Every structure is written in C-alpha cells, then in structure tokens.
1. Checking the conditions here, which among B:Ser193, B:Ser177, B:Ser183 is within 16 Å of ligand 4 (Cβ to nearest atom), more than 26 Å from B:Asp18 (Cα to Cα) and polar (S, T, N, Q)?
2. Within region D:83-111, which residues are outside any helix (DSSP H, G or I) and either open to solvent by 10 Å² or more (accessible area, probe 1.4 Å) or away from ligand 1 (no atom under 16 Å from the Cβ) (or both)?
3. Among (1) outside the structural domain of D:Ala281 (by TED's automatic domain parsing); (2) of a type in the set (Gly, Ala, Ser); (3) farther than 20 Å from D:Leu291 by Cβ, which single condition is D:Gly214 missing?
4. Find the residue count for region B:107-140, including only residues that are surrounded by fewer than 18 Cβ atoms within 10 Å (Cβ to Cβ), in a loop (DSSP other than H, G, I, E, B) and either within 16 Å of ligand 4 (Cβ to nearest atom) or within 14 Å of another protein chain (Cβ to nearest Cβ) (or both).
5. Could you look through region B:174-195, keep only residues that are of a type outside the set (A, V, I, L, M, F, W, C) and modelled with pLDDT of 95 or more, and pick out the one that is farthest from B:Leu24 (Cα to Cα)?
6. Might you check whether a residue that is among the charged types (D, E, K, R), under 16 Å from the mean Cα position of the chain (by Cα) and either more than 11 Å from ligand 1 (Cβ to nearest atom) or within 14 Å of chain D (Cβ to nearest Cβ) (or both) occurs anywhere in region A:97-106?
7. When D:Arg147 is evaluated against the numbered criteria (1) at pLDDT below 95; (2) more than 14 Å from every other protein chain (Cβ to nearest Cβ), which criterion, by number, is the only one it fails?
8. Within the bounds of region A:46-64, is there any residue that is part of a helix (DSSP H, G or I), of a type in the set (Gly, Ala, Ser), over 26 Å from D:Pro202 (Cβ atoms) and within 16 Å of ligand 6 (Cβ to nearest atom)?
Amino acid sequence: MDIHQTRTWVRSIAAAMDQHKDHLTQLDSAIGDADHGVNMQRGFTAVVAALDGYEPAGVGDVLVKTGTTLISKVGGAAGPLYGTFFRATGKQLTGPVADAEQLAAAFDAGLAGVQKLGAAVLGDKTMVDALAPALEAFGAAARAGEDEATAAEKAAAAAETGAKDTIPLQARKGRASYLGSRSIGHQDPGATSAALIFRTLAEVLKP
Amino acid sequence: MDIHQTRTWVRSIAAAMDQHKDHLTQLDSAIGDADHGVNMQRGFTAVVAALDGYEPAGVGDVLVKTGTTLISKVGGAAGPLYGTFFRATGKQLTGPVADAEQLAAAFDAGLAGVQKLGAAVLGDKTMVDALAPALEAFGAAARAGEDEATAAEKAAAAAETGAKDTIPLQARKGRASYLGSRSIGHQDPGATSAALIFRTLAEVLKP
Amino acid sequence: MKKLINSPDTVLDDALAGVAAAHPTLKVDLEARIITRAGGPSVGKVALISGGGSGHEPLHGGFVGPGMLHAACPGEVFTSPVPDQMLAAAQAADGGAGVVFVVKNYTGDVLNFEMAAELAGDDGIEVATVLVDDDVAVKDSTWTAGRRGTGATVFVEKIAGALAEQGADLASVAEIGRRVNAASRSFAVALSPCTTPAAGKPGFELAEDEMEVGVGIHGEPGRSREKLEPAAAIVARSLDAIFADQPLAAGEETIVMVNGLGGTPLIELYVAYADVAKYFAERGVRIARNLVGNYITSLEMAGASFTVCKADEQMLALWDAPVNTPALRWGA
Amino acid sequence: MKKLINSPDTVLDDALAGVAAAHPTLKVDLEARIITRAGGPSVGKVALISGGGSGHEPLHGGFVGPGMLHAACPGEVFTSPVPDQMLAAAQAADGGAGVVFVVKNYTGDVLNFEMAAELAGDDGIEVATVLVDDDVAVKDSTWTAGRRGTGATVFVEKIAGALAEQGADLASVAEIGRRVNAASRSFAVALSPCTTPAAGKPGFELAEDEMEVGVGIHGEPGRSREKLEPAAAIVARSLDAIFADQPLAAGEETIVMVNGLGGTPLIELYVAYADVAKYFAERGVRIARNLVGNYITSLEMAGASFTVCKADEQMLALWDAPVNTPALRWGA
Ligand SMILES: Nc1ncnc2c1ncn2[C@@H]1O[C@H](COP(=O)(O)OP(=O)(O)O)[C@@H](O)[C@H]1O
Ligand SMILES: Nc1ncnc2c1ncn2[C@@H]1O[C@H](COP(=O)(O)OP(=O)(O)O)[C@@H](O)[C@H]1O
Ligand SMILES: [Mg+2]
Ligand SMILES: [Mg+2]
Ligand SMILES: [Mg+2]
Ligand SMILES: [Mg+2]
C-alpha cells in the first residue's frame, strides 16, 4: 500500500461513513445515544479536509494525521479510540509503501492502542470484536505470503462476521453496557463502522 | 319558584355541568383555553357544598350564595360573570317564593350585572348571546301571564337557539376574540353553559 | 397525557406544597392559595401583588421576594385566580403604603382583580392596578378584548418591584409599572401545543411541519399557522412584528427576553438569542440587558416568546437593583 | 423533529454565539469552543473545568463564573468534547495553581479528558481529575462501564468551585469534589424521549402509558420500563433506589435536587418536590438545601432526576458561598 492508496483509503472511508451514517446512528440509537454515524461522518469529513494539501513523507504520516484529526474532531468514545487506532498504526509505518506483513504488524499496534485505552477485550461488544478478528485474518494471510489486497479482503470478511457476531452479546463496555441484558440482540455500532473501514480497505486495494 | 325548587335548580345545574364538562371544555379548546367545563364543574360543586346546611330566608338568598360561591371558586372570565349573574338576580328576590314576573325582573337585573361587568353586547359571541334571548323570552311569557314553568321552557329554547346562533359570529370579547375571524364557525362555550342553566331551570320547574 | 402529577385535581395544591417545602424565603398559605414573602409585609412600603392562572411557572410565585413581588395568587391551571385570593394577598402583603395589582390583560384576570380591588378598598387598603398588555400578536381594536399580557409582566414586576423596595409611593410604583408596560412588546411562536391536566388533551393541534405564529400563553391561536421555519426566520418574524408596533432607532437601549414556553431546550433558546442579537446589531439598537430562559411558560409547550422593552436610564437602574426570588436573583 | 434551530449542523456554534451575546460575564471562544470567565484566570487559584456533550444546558456553560467553574467545554449534542477543547480550556483558565477536570463517567468523556490531561501535563499544567459517577440506576459491576455521572455534577461543581474560589490547593479542591461525588446518588425517570438534531428521530420510544425508569442523560435505557405512575410513586421508586444504595439515618443532613429533564413544566417539578419532602420527613432525614428546576437536562425529554448528597458542614458552608453564574447565583 503506497501513500496514494492510503489517502484513497481514508477518503473512501469518509465516503462510506457518509453513506452509512443513518444506519450507524440507527444501530447506536438502539443501544447507545444515536450519534455514532454523525460522529464518524464528522470525523472523516474533517480528515479529508486535513489531508487536503498535506504532504506526507510516508504511509504512516497519512494515518497519523487521520488519527490526530479524529481525536480532535470526533469526541465521544469513538473519537479517541479510532484516533488511537490510526495513530498507533501509522506510527509503525515510516516508509512510502507498506507491504502486507508491515501492515499486519502496524494494525496490531493500532489494536493494542485501542485496547490499552479502552480496556475492552474480545466479547465486550465493541469495535474490538470486529477489529480483532479482522487483524487476525489479515495477519494470517500476510504470514501465509498473501498480498495486502487478499489480506484486506479476508480482514473485511472477518470484520463483517465479527460485527454480526456482536448481536447476541451483552455489552460490557461503553454506553451500551448500561442496558445490561437489553443490549443483547443488537449489532454494535462501533463494530459495524470497523467492518466498514476494512471493507473499504479491501475495495481500495482490490487490483 | 320556592326555596326548595331554587335549591333543586342549582343542584341540577351542578349535575348538568358534571355531565357536560367535557363538551364545554371541548368547545372552549376550539376558541379558548380548554377550561370552561372544568371551571363550571368546580364552581357548582362548590356551590352544592356551600348550600349544604345553609338556611336561606328567601329564594334570593340561595342565588346570592350561589353567585358568591362562584366568584370565590371559579376564577377565569366565567367566575365573576356567572357569579354576578346569580348575585344580582338573587338580590332582587327577597321573598320565600318568586312568581314569573318577579323572576323575569330579577333575571334582567342579573344580565345587567353581567353586561356592566363584562361590557359584552348581543352578538359579541359570549354568554350574553344565550342569556339575553332567554330573558327576553322569559319576560315576554311572564308579561303574557304564563307561569314560570312555561316561561322557563321558552327561555331554555331561546337560550339554546342563542347559543347555536353564536356559531357564525366572530368573537369580540373574552379569549375567543384573539382568534379574530378564526373564531367563526365555533359555538361559544359560555353561551352553551348559559343554555344548560336555563334548560335545567325548565326541567326543575316542569310540573 | 403524560404528566409528573398525582391527580389533575390536586396539581395546584401539590405544587404549592412543593413551593412551600423548597423555599424558606417564601410563605405559602395553602388554604388561601397565596404565596408571600416569609418576612411578612414591608412596613411603609408599597407591596406588588400579581397573579394569574397556574402553568406559567416561575411566573408569578417564583418572583416573590425582596426587590420584586410581595405576593402571588396562583389560579387553577390556565384559569385566573379568584378575588378571595387577591384580597387575602393584599391583606397579607400591605405594609400600609398600599398595594399594586399587576394584572395581565385577560377578561378573567381583569374581572377578578377588579372585584378584589373593590373588596380590598372596602377593607381600607389602597389599591392601584397596572394592566399589562404587551402581546403584539393581538391587534388592539374593537374586535378584541385588547392585547394580551405576556412577557412584559416579568419586566413590570422586576422594575416596579425595585422601585417599591426603594420606598417609592403607590402612585410612583404604579406609574413606572405602566411606563414599562407601555415601552414593552412581545410576540410568541409555538412549535407544539400543551395539555392542561384537567383537559387531558392538547389545547390545539399542530402538524409535524407547522408552527403557530403569535400564540398566546394559554395556547390561544395567534395570527396565523405557518410551515415550520429556521430559528432566524422565526426570530425575524417575531421581531418584525414587535418593531412594526414600536419602532426602535439606532442607539436606543432595550431590555430583551428570549423566553422558553416550557418544552424548549435552553440550547435552542441560545440559538434564538444569537439571531436576536444579530437582528438588533444590524439595526444598531442596543440590548442593554437580557434574559434567556424559562420565565413565563405555558406548561410543556415548545417554542419561544420574545419581549423587548425600550428602557430608559431609570428602568435600567431599577433592573440592576438587587432582587432575591427563586427565579430571579442578583445582588443578594 | 421540531426544533428552534437553524440547522442540525450548526446548533452548537449558533448556541455558543447566543451564549456569547447574552452573558458579558462569560468569554466564549467560538473557534476553540470553550466558555471561560470574562475576567480571565484567577491568579494563584485552582481552576475548575468541566465539559461534556451539549444538550444538557445549563450544564456546563451556565455554571461558569466566580464560585463555580472557570471553564466549560461543550461537545456536540450528546457527544463528549474533544481533548483540544479541554487543553484550550486548561490553558485559558489555569491561574498557576493547576486545574481540576470534573468528568462525568462515560467512556467518551473519560477517554477525551484523559488525553487532554496528558496534553496539559506536557504543557506544564498540573491536572487533577474528579470523576462523577452518581447514577444508581446503573449497577456498578464487571458488566458495565461503571455508574454514569449525572446530577451530582452540579453539586461537585458548586462545592469544589467554592473551595477553589477560597484559594485552596489542587489536592484539596479535587478531594472535596471526590467527597461530594462519593456522598451523592442520583436516579432519573423519563416520561418522554428526546431527539438530537443530528439524529432527527427520538433516541427511544415510549408508549403513551409508559415511563423509562433509571434513564440516562442521553436517553440511554435504564433499569426497566414501567406503566406510568403518579408523581408520589415515581418519587418513592427513585428515592428507594437512592436510599438502598446509600442509607440515610434520621437527623442526617442532605442537599437535594429535583431536576427537570428539559420538557417538564416547573409546576410538575414542584409537585414532585412536595413528594420528596414528604419522603424525607417520614424518615427524619433533613433536606438542608435544595434545588428545584432545570439544571442538567436532556434536550426536551420529559421527566425528572433526583439527586441526594449526604452533606457535611463543610459542604453546606461551601454550598452557601457566593456564586455568580448564569444558572446559579446567590450572594453576588
Ligand atoms: N471501551 C471501549 N473500547 C472499545 N470500543 C468501545 C469502548 N466503548 C465504546 N466503544 C465503541 O464505541 C462505540 C460508540 O461510539 P460513539 O457512539 O461514537 O460514542 P459514544 O458512545 O460516546 O456516543 C460503541 O459502539 C463501541 O463499539
Ligand atoms: N366580556 C365578557 N362578557 C360576557 N361573557 C364573557 C366575556 N368574556 C368571556 N365571556 C364568556 O366566558 C366564556 C369563557 O369562560 P371560561 O373559559 O370559564 O373563562 P376563560 O376565558 O377565562 O378561560 C366565554 O365562552 C364567554 O361566553
Ligand atoms: Mg454514541
Ligand atoms: Mg376558558
Ligand atoms: Mg381560562
Ligand atoms: Mg455520544
């Protein structure tokens, strides 16, 4: 993945958030406070603006800028968490391109940042439930020598499964946890946006 | 009309207001503030309580007590106006019974009190539009030598017509006047309660 | 109807019990249904007394205290109080210098206060009346009972109350009250209706995209029903009506209130106030003082009213004078 | 959705412009989105800073002023603010004695304030954090993100703000804030939902005869959904939950708030307060101070929240200390 593709990825995420804003907000209204779609859209719109005219030295710069902007513009739980994900990922990628293995390691650092900050583990019904399986699939593909396009495709599928699999879970973190057992039966909005982010990556990297 | 009949009349008004509370409130909600039924019911419930154990010396005492209680308990426009109507009527009736002519003169004094206080004339879309034709009919019957039962029946019919005839009028007094031409097409709540009062009188006096 | 009440019949008595429990600075006579200052009458000073239907809180009970009202007479919800209340209030509040009745111009209020003034006069209490009629939504003509009294009531009570506190005589207190009313104009727009506990149904209906322009404080219909507009347009419409009735020149000073009707979040009132400030700035008219919040409400009605008082120096000075009431407090 | 706004996207900025225009005692940085005292930092004194999603007005901007907050950071409606705002607030408000962040316990608020504390630390500003988590509707367990911060925020801001005003050091101000939080419990019941401008639809649905028991300030569902009850039963339910969590013995002193969620008429809050006073009286627990009104709202949600703080003498004395903010003012 080169700098241009990275930019395209982030821009495509912005487009995806625009498109899925209402769906994400609707999911968040079932078990949260009905703002996740708006938050993500606001954040990535700001990211696109921030990248405009920005001259990154490497792939990582794009992602660090993305993360920093998310932290500055989103607020809520998703702002610091996604911000940290992109920042921590970007910090690992110093070169002008990143191959599948480099990306896998960087994403892992991103997830570690999210978990350090938010303390969510797999099964807590959060974005981690989409991110973790996505990165596992990505890593496995990379280790198996697949290219980043294939790895991203597998990650996207795993993220989507992970997001769907949050439905039967009871939330243990974030606002949804206040519902207790009433959070069961609803898909987590953050896991859903995480799946969108990896679906977008797969589309951008598709040869 | 003797003291007992007068008491019965006032008690029957209370029953009628109970029964028609919602209708009066509904009329008042169209061109007022949706409280006329409640106001009248609250007032006459208090009147019934006030008359309990009260020993009047004459017909007028019952009516003065009724008026005084209405003034003390109703509030709004209807409280002072109906209160004055009953007080001013009652003040004319010093004896233990009142015949049709005495009643006619007393009611006229009641209406004069209402008009002095509220300054409404015929056609302003107020209780006056029911009271005035009612008293005219009552007086004409009395002057023609009819008994009070017949006079009251004619007054009730005239009041009902008067109340209906407020529908096409534009209000010039009270809360309904704020609607301007939008008050047209609705029956005045105060005229409607006035018609109820005279219908009740006719029923009580019916031989 | 969803209300935090125990029964439609006991709302007023229950609320008065709550006021009594909450405010040690007030004395609530549950029997006579009046709210007075806990300290009793101010000997030698004029006492301001107001009242009206309940459901407009904090008006009037929330404005009882040093620097403002001496007593309030709350009627049933949306029904003017009865003369007995006003008489009891006059008796409880008169400090020997007479009382001023601040009366909003509704037939019911006017008639009941008139009767009370007579009774109080019989009782040897000097009474002056200030009639508040500031609502420009109602065109004053032979076709109406005259303008309604709305937001200016708060200004009259604050400013006349301050003068009374300073020991001015009955005529002077009534006079400044009348001057404030004469200098004030109001206009209100409702986004949703309200329901009195006794009626159980909304006083009027509004479609999802409609607003009632020029609405009264009991939800009486106003000038027209229109499609819902952005805040800036609602503000412009309301202030246009006010300025048309009382033109204000550049450099003139005003007191402005953006008042919530009860169900409108404060954040929206601030949105509206920004538009108000812009409207005034564009015309060079100064907002010397302002109030933004719920001061004269209509139960849970959504919407706002706008009140503008063309204020002279005396009014501004009296506005700034200390006031210590549950709903308005400064300098104390 | 019917709102007095210009556009869902500009609500916060428009409202901040309104706050700026309305309150000369406040300084509003529209760029940085912070509200500070017009007088600037208090040299040598600790500065209290709070923030959170908007839509809860007057919280927090309405509590900026002498005796209470030094700065407020309003986020988008129902979305916690970003670290940049808190950093800017810390920089603008620090008088050299450090800043206290008053943070309501929501994941978003906690994370953003955490990041801001780091940034402020890098900037040489000493930061202490007081986490508010008073809502007993949420059982604190491994299954939740912990109790939510609600009404006690007002108490923490008032009391810690008063101590800061007296010149106490950072540790002491933070300590009293934590003690107030530890001594406070809240519980809320919603009669109707609310709609964020961005979502355009109610956050939840309630049938005409239902209420949400234990609702959160963003309309998060609470403990259960029940049939609508009379005020006395709602009060008993709420206070039972509070007393179960923190038993109060006869003779103990409290500060009690009956807070409107935004769409509830003040008259209904007084009805509820009467029932609250009765509940306390029956148990011999004293209400030494009270607030009845809209202090921490959820847009136009109907309902009320109840907050009880078991207050010691120091807390009561600090409660009574002068405060001069748009929404809370006495002694000044
Ligand atoms: N502690 C946490 N760790 C990881 N993700 C979390 C955590 N708390 C919340 N989230 C994620 O954040 C999402 C909600 O984001 P958003 O609605 O934007 O913020 P808020 O909850 O503050 O309104 C949840 O759906 C969940 O996936
Ligand atoms: N000036 C007046 N003279 C005579 N009747 C009047 C006058 N003003 C109002 N009314 C009557 O009072 C009725 C309304 O009474 P009510 O609803 O109880 O009082 P309010 O208008 O104060 O709510 C009107 O329908 C009308 O018949
Ligand atoms: Mg959310
Ligand atoms: Mg009426
Ligand atoms: Mg009425
Ligand atoms: Mg949120």
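The values are calculated or read from the model by the stated rules, or taken from the named source; none is laboratory data. If you're wondering where the values come from, they're calculated on a predicted model, not measured in any experiment. Glycine also receives a Cβ, built like all others from the backbone with ideal geometry; neighbour counts cover every protein chain displayed. Side chains included, ligands, DNA and RNA excluded: accessible areas come from the protein's heavy atoms. Shrake-Rupley method; radii C 1.70, N 1.55, O 1.52, S 1.80 Å.
1. Selected residue: B:Ser177, the only one of B:Ser193, B:Ser177, B:Ser183 that is within 16 Å of ligand 4 (Cβ to nearest atom), more than 26 Å from B:Asp18 (Cα to Cα) and polar (S, T, N, Q).
2. D:Asp94, D:Gly95, D:Gly96, D:Ala97, D:Gly98, D:Val99, D:Val100, D:Phe101, D:Val102, D:Asn105 - these are the residues of region D:83-111 that are outside any helix (DSSP H, G or I) and either open to solvent by 10 Å² or more (accessible area, probe 1.4 Å) or away from ligand 1 (no atom under 16 Å from the Cβ) (or both).
3. Only one criterion is unmet by D:Gly214, namely (1).
4. 3
5. Looking only at region B:174-195, we keep the residues that are of a type outside the set (A, V, I, L, M, F, W, C), and these are B:174-175, B:177-178, B:180-183, B:185-190, B:192-193.
Those still in the list that are modelled with pLDDT of 95 or more too: B:185-190, B:192-193.
On the way: B:Gly185: 16, B:His186: 12, B:Gln187: 10, B:Asp188: 9, B:Pro189: 6, B:Gly190: 8, B:Thr192: 7, B:Ser193: 7 Å.
Checking each candidate, the answer is B:Gly185.
6. Scanning region A:97-106, I find no residue that is among the charged types (D, E, K, R), under 16 Å from the mean Cα position of the chain (by Cα) and either more than 11 Å from ligand 1 (Cβ to nearest atom) or within 14 Å of chain D (Cβ to nearest Cβ) (or both), so the answer is no.
7. (2) is the only condition that D:Arg147 fails.
8. Residues of region A:46-64 that are part of a helix (DSSP H, G or I), as a first pass: A:46-51, A:59-64.
The next check asks that each one be of a type in the set (Gly, Ala, Ser); those that pass are A:46, A:49-50, A:60.
Those still in the list that are over 26 Å from D:Pro202 (Cβ atoms) too: A:46, A:49-50, A:60.
Next cut, within 16 Å of ligand 6 (Cβ to nearest atom) only: none.
Within region A:46-64 (the criterion being part of a helix (DSSP H, G or I), of a type in the set (Gly, Ala, Ser), over 26 Å from D:Pro202 (Cβ atoms) and within 16 Å of ligand 6 (Cβ to nearest atom)), the answer is no, since none of the residues qualifies.
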